[in-house]
Amino acid sequence: MPIIKKQDNITTESSSPGLEVRTIADADLGTHALKIGEVTIAPNTRLPRHIHTNTEEAMIVLEGTLDVVVGRERMTISPGYTVLAPAGTTHGFVNRSSEPARILFIFPIHEPDRVQTSIEGATSGFLSEAGLSGYSSPQDRPLENPD
């Protein structure tokens, strides 16, 4: 089993503004099935809602405070929380704070698919996404009201 140094990890800009993704372990680094990485979410930025139709995902908050949506559940989370998204379940994050947030993500397969479920110009149920990088909501919706 390889031992991987942080310096050996590849960091890339995400296709969504304000996100940076770092690969920790995958097939190229010697795993048989796992894909593990870390995403940094800049202040006032969101990780858009999406699903993985072919796998579940575990996400562990390492740093920062985030609003999360998983299916119809919404809440504010911080380090110590783990979010489990079964295959086909919508999930996403918003960082409303002035500090970056970091999430460790784990997939039990090498090639998870990713299907966006956020629709440009539509609200995703967070308080207000106006002013967040990459998205502007047309209206405010209370965090505790998923409808």
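All of the numbers you see were taken from the coordinates with simple rules; none came from a lab. Quantities reported herein were computed from a predicted structural model and do not represent experimental measurements. Methodologically, a virtual Cβ is constructed for each residue, glycine included, from the backbone with ideal geometry; neighbour enumeration extends over all protein chains shown.
Numbers at a glance
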quantity	calculated
Dipole axis of the range 15-87 (+1 Lys, Arg; -1 Asp, Glu on Cβ), positive-most option in Val83, Ile60, Thr31	Val83
The range 14-82 shape via C-alpha gyration tensor axes, a/c threshold 1.5	prolate
Calculated FRET efficiency for the pair Arg114/Asn44, C-beta based, R₀ 35 Å, to 0.05	0.95
Ala27-Leu62 pseudo-label distance in nm [points 7 Å out on the Cα-to-Cβ vector]	2.4
Amide H partners (placed H, <5 Å) of His110, local residues excluded	none
Theoretical gain in end-to-end length, Ile106 to Met75 [0.36 nm per residue, Cα-Cα removed]	9.1 nm
Extension gain from Ala87 to Glu99, taking 0.36 nm per residue of separation minus the Cα-Cα distance	1.3 nm
In the range 31-122, GluC sites (Glu not before Pro) in a DSSP loop with at most 11 other beta-carbon atoms within 10 Å	Glu120
Once the Cα gyration tensor of the range 1-118 is diagonalised, semi-axes √(5λ) in Å	22, 17, 13
